[in-house]
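Notes for the one structure printed next.
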Protein chains: 2
Amino acid sequence: MGEFDLIERYFKRPALRADVGVGDDCAVWTPRLGHQLAFSADMLVEGRHFLSTVNPHHLGHKSLAVNLSDLAACGATPQAFLLSLSLPRADEAWLAGFSKGLLELADLHACELIGGDTTQGPLNIAITVMGDTPQGQSILRSGAQVGDDLYVSGHLGDARLALEAFRGTISLPQAALDLARLRMECPTPRIALGHALRGIANAMADISDGLVGDLGHILNASRVGAEIDTSVAAALMQTGQLWSCPEDLAMTCVLSGGDDYELVFSASPSVADQVLMASEASATPVTRIGRITDSQRLVLLGLDGQPVTLPLQSFDHFA
Amino acid sequence: MGEFDLIERYFKRPALRADVGVGDDCAVWTPRLGHQLAFSADMLVEGRHFLSTVNPHHLGHKSLAVNLSDLAACGATPQAFLLSLSLPRADEAWLAGFSKGLLELADLHACELIGGDTTQGPLNIAITVMGDTPQGQSILRSGAQVGDDLYVSGHLGDARLALEAFRGTISLPQAALDLARLRMECPTPRIALGHALRGIANAMADISDGLVGDLGHILNASRVGAEIDTSVAAALMQTGQLWSCPEDLAMTCVLSGGDDYELVFSASPSVADQVLMASEASATPVTRIGRITDSQRLVLLGLDGQPVTLPLQSFDHFA
């Protein structure tokens with residue numbers, strides 16, 4: 001199977017919203033009037049972001065999910081994406097699974113595959129995604145206000161728990177391992193919540209490198225500090241009901257685990273009811289974990305309400 | 001040096017046209033009113049598209065040039081790009097050269113780096129580029145008309161000649177080798193010509209996989225055939241005046257060499273003078289190499305005007 005057959009068979013579909021889709025030098029797209037565009041790019045590398053043994057269907061899903069998560073963090077509506085794929089060989093079973101997982105998630109969000117590139121080389125998946133928001137309604141990292149409540153969506157820490165289990169540092173009951181693995185391999189981009197929080201959240205980011213690290217980006221960009229109630233945060237693991245996670249491991253997983261693809265955002269206490277409505281409208285759980293302060297620092301509060309110190313580090317590819 | 005330092009030091013610059021550039025979850029961009037967007041993505045892999053010994057400044061240039069070439073082929077004006085980069089290690093000398101070559105070319109075309117990703121892994125450079133054209137003025141592969149003249153820009157075959165020299169299949173005089181190598185490592189995207197051909201060219205593509213293969217895309221999309229005058233084509237090598245290239249090698253290099261990043265386009269004979277004016281306005285040589293026919297086939301004509309048969313194959317990563 002040649003390069004063009006491969007694209008034709010697994011990745012080329014009729015253009016829907018695109019004026020020109022896969023198959024010309026460029027894809028051509030007419031933006032919606034009165035809208036701003038949001039762009040993000042993420043690259044997944046075998047051995048770094050996933051193991052060679054991962055289910056290709058899950059990998060296809062995750063490759064797009066991590067990109068959609070960035071759109072969610074801006075409150076953007078997905079529109080289109082480009083896929084650049086480096087493959088050691090044209091393995092049809094792998095391609096069938098990968099493209100199915102990828103395109104199922106794309107269809108779920110009406111996000112159209114409009115172009116890309118295919119080449120031979122070490123397995124590498126690079127996606128650029130485009131979404132849009134009505135002009136001026138993108139939610140940025142820089143808008144957090146002193147006094148804002150601090151929230152996270154969904155569950156945190158389970159992907160890191162799976163990683164620890166794969167590394168052999170812990171042993172999990174099968175049910176907890178299965179759930180943790182699914183959270184690691186098939187994250188749910190919080191598009192609907194991000195959308196519902198337009199005009200409500202003051203600042204937002206997605207949690208890919210760990211809560212503390214990604215919240216840190218909001219604090220830096222907004223020039224504020226924050227307090228996190230660690231006992232509330234530590235209860236956010238979805239696997240929490242399936243086994244008894246040691247407290248220090250739970251803290252590490254939730255606060256600096258990474259690979260969560262949940263949203264962390266701040267909103268004024270005066271719109272707390274609107275945050276709840278956005279949560280219900282998007283069928284996405286939301287938990288208040290703390291507040292924005294003028295301290296310029298991130299303070300973790302223990303059970304007793306006193307600051308605690310934890311050795312935390314968010315993920316850095318070159319650290 | 002960590003991931004964020006690396007981005008900060010080599011790739012983050014103040015947002016110019018972007019509403020939000022590098023450093024949030026997404027870049028935010030307001031499209032120009034009345035314009036369509038053109039998108040393309042290309043991925044370069046070490047050992048496949050370039051050798052580890054390549055000058056990083058040249059590699060930075062080429063990584064963006066091959067993407068800009070796709071915009072040129074649509075007649076689009078470059079606007080912005082995203083860079084996803086997988087690196088074995090954070091080598092500062094390499095990064096300094098690479099980013100310089102990349103950003104110099106970006107600045108030359110006012111194409112703004114608005115986002116991307118950096119990770120550790122085998123060297124892989126994935127760029128997605130965005131340009132725009134006034135609504136409806138993109139030049140597609142599908143518009144060629146029977147009777148059109150067929151043109152190419154600039155020079156062809158020199159990059160392939162360099163590849164043959166590196167492979168050791170030929171020996172070149174130093175001056176020819178230097179020029180051929182420069183053509184391979186530092187292609188010039190024909191943005192100005194593509195722009196000038198809006199409303200003039202009926203169909204256009206860039207030549208990345210070889211003239212015959214890329215012209216083939218135009219013929220398939222337009223459901224037409226073509227004749228190429230091979231003696232005119234074979235004279236298009238820029239190295240042609242520096243050494244005496246054997247005729248069969250010249251044919252291979254020019255017709256199916258690849259890595260040229262020139263434009264192949266068709267235009268009605270009635271606008272031949274406008275093609276010349278576009279060539280002059282963009283300071284880009286243009287050569288008429290044949291015409292579009294209704295034969296549904298690509299016919300190569302020899303010196304005597306009779307069809308010749310050559311064993312040609314355009315580049316395919318999985319063939």
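Can you give the average number of partner chain beta-carbon atoms within 10 Å of each beta-carbon in peptide B:41-52, as a whole number? All intermediate terms of the calculation are to be shown ahead of the outcome.
On the way: counts 15, 5, 13, 5, 7, 2, 3, 5, 3, 0, 0, 0.
Other-chain Cβ atoms within 10 Å of each residue's Cβ, averaged: 5.
Taking 0.36 nm per intervening residue step and subtracting the Cα-Cα distance, what contour gain separates B:E92 from B:S295 on full extension? Display every interim value, and only then the final one.
On the way: separation 203, 0.36 × 203 = 73.08 nm, distance 5.50 nm.
Difference between extended and current length: 67.6 nm.
Taking the simple approach of a point 7 Å from Cα along Cα-to-Cβ for both A:D248 and A:R167, what is their distance in nm?
It is 1.4 nm.
Among the DSSP beta bridges whose two residues both lie in chain A, what percent are antiparallel, rounded to the nearest 5?
For chain A, the DSSP antiparallel bridge percentage is about 75.
Restricting to Cα pairs below 8 Å that are 6+ residues apart, what does the relative contact order work out to for segment A:3-134? Please round to a whole percent.
On the way: 244 pairs, mean separation 51.1, N = 132.
Reported relative contact order: 39 percent.
Find the relative contact order for chain B and round it to a whole percent, using C-alpha pairs within less than 8 Å whose residues are 6+ positions apart. Can you show the working numbers first?
On the way: 708 pairs, mean separation 70.5, N = 319.
Relative CO of chain B lands at 22 percent.
Of all the accessible heavy-atom surface of segment B:141-308, with the other protein chains kept in place and a 1.4 Å probe, what percent is carbon and sulfur? If you can, show how the numbers build up before the last one.
Numbers: 3390 of 6810 Å².
Result for segment B:141-308: 50 percent of the exposed heavy-atom area is carbon or sulfur.
Once you have a ≥ b ≥ c as the square roots of the Cα gyration tensor eigenvalues for segment A:154-313, tell me rounded if a/c is under 1.5, and otherwise prolate or oblate according to whether a/b is larger than b/c. Intermediate values should be presented prior to the final figure.
Numbers: a/c = 1.91, a/b = 1.31, b/c = 1.46.
It is oblate, given that a/c is not under 1.5 and a/b is not larger than b/c.
When each copy gets a label point 7 Å from Cα toward the beta-carbon at B:D304, what are the spacings between them in nm, shortest first?
Spelled out, the distances from B:D304's label point are 10.1 nm.
Lysine pairs in the protein assembly as shown 8 or more apart or on different chains: how many have alpha carbons under 19 angstrom apart? All intermediate terms of the calculation are to be shown ahead of the outcome.
Values: A:K12/A:K100; A:K62/A:K100; B:K12/B:K100; B:K62/B:K100.
Lysine pairs, 8 or more places apart or on different chains, close enough: 4.
Go ahead and set up a Gaussian network model of chain A, Cα springs under 10 Å, then flag whichever of A:T77, A:T119, A:T128 fluctuates most.
Per the Cα network of chain A with a 10 Å cutoff, A:T119 tops the list.
At a Förster radius of 51 Å, what calculated FRET efficiency corresponds to the Cβ-Cβ distance of A:M277 and B:K100, to the nearest 0.05?
Working: r = 50 Å, r/R0 = 0.99.
So, using R0 = 51 Å, E works out to roughly 0.50.
Average partner chain C-beta neighbours within 10 Å, per residue of B:236-249? It would help to have the intermediate numbers written out before the result.
Numbers: counts 0, 0, 0, 0, 0, 0, 0, 0, 0, 0, 0, 0, 0, 0.
Whole-number average of other-chain Cβ neighbours for B:236-249 is 0.
When DSSP assigns beta bridges and you keep just the ones with both residues in segment B:81-200, what percent turn out antiparallel, to the nearest 5? List each step's numbers first, then the result.
On the way: 6 of 13 bridges.
Of all bridge pairs located within segment B:81-200, approximately 45 percent are antiparallel.
So which residue, out of B:G194, B:G210, B:G302, gets the largest mean-square fluctuation from a GNM of chain B using Cα contacts under 10 Å as springs?
Result: B:G302 has the largest fluctuation of those listed.
For a quick check of understanding: with a 1.4 angstrom probe and all protein chains in place, what accessible area in square angstrom does A:V264 have, to the nearest ten?
It works out to around 0 Å².
Could you state how much accessible area is buried at the A-B interface, both sides summed, with a 1.4 Å probe, in Å² to the nearest 100? The partial results should precede the final answer.
On the way: alone 14930 and 14900 Å², together 24710 Å².
For chain A against chain B, roughly 5100 Å² becomes buried.
Out of all DSSP beta bridges in segment B:1-127, what portion is antiparallel? Express it as a percent rounded to 5.
Numbers: 9 of 19 bridges.
Here the antiparallel bridges make up roughly 45 percent for segment B:1-127.
Using the 7 Å Cα-to-Cβ label point, sort the distances from A:V54 to its equivalents in the other copies shortest first and give them in nm to one decimal.
Here A:V54 shows inter-copy label distances of 2.7 nm.
Among B:E227, B:E247, B:E262, determine the one that fluctuates most according to a GNM of chain B built with springs between C-alpha atoms less than 10 Å apart.
Its mean-square fluctuation being the largest, the pick is B:E247.
Given the -39500 (n - 2.57) contribution per DSSP H run of 4+ residues, what per-residue ellipticity at 222 nm results for chain B, rounded to the nearest 500 deg cm²/dmol? Write out the running numbers ahead of the final one.
Numbers: 10 runs with 108 residues, N = 319.
Counting only the DSSP helices, I get -10000 deg cm²/dmol.
Sorted by mean Cβ packing within 10 Å, highest first, what order do the peptides B:271-277, A:59-65, A:230-236, A:196-202 take?
Working: B:271-277: 14.9, A:59-65: 25.0, A:230-236: 19.4, A:196-202: 21.1.
Most protected by this proxy first, the peptides run A:59-65, A:196-202, A:230-236, B:271-277.
Which angle from 0 to 90°, rounded to the nearest 10, does the C-alpha axis of helix A:56-74 make with the longest principal axis of chain A?
Once rounded, one gets 60 degrees.
Within a 10 angstrom radius of each residue's Cβ in B:71-82, how many Cβ atoms of other chains show up on average? Whole number is fine. Could you put the intermediate results ahead of the total?
Values: counts 2, 2, 3, 6, 2, 3, 0, 0, 0, 2, 3, 9.
Partner Cβ neighbours, averaged per residue: 3.
If you look at just the Cα atoms of chain B, how large are its Rg and its Dmax in Å?
Rg and Dmax of chain B, Cα atoms, are 20.0, 63 Å.
Net charge near A:A176, counting Lys/Arg +1 and Asp/Glu -1 over other residues with Cβ under 12 Å of its Cβ? Could the numbers behind the result be given before it?
Working: positive: A:R181, A:R183; negative: A:D158, A:E164, A:D178.
Once all neighbours under 12 Å are counted, the net charge is -1.
Taking a quarter of the surface of the Cα convex hull of segment A:1-90, what do you get in nm²?
Values: hull surface 28.8 nm².
Quarter of the Cα hull surface area: 7.2 nm².
The values are calculated or read from the model by the stated rules, or taken from the named source; none is laboratory data. Fair warning: this is a prediction, and the values are worked out from it, not measured in the lab. Methodologically, a virtual Cβ is constructed for each residue, glycine included, from the backbone with ideal geometry; neighbour enumeration extends over all protein chains shown. Ligands, DNA and RNA are stripped out before the accessible areas are found, and what is left, the full protein with its side chains, is counted by its heavy atoms. Shrake-Rupley method; radii C 1.70, N 1.55, O 1.52, S 1.80 Å.
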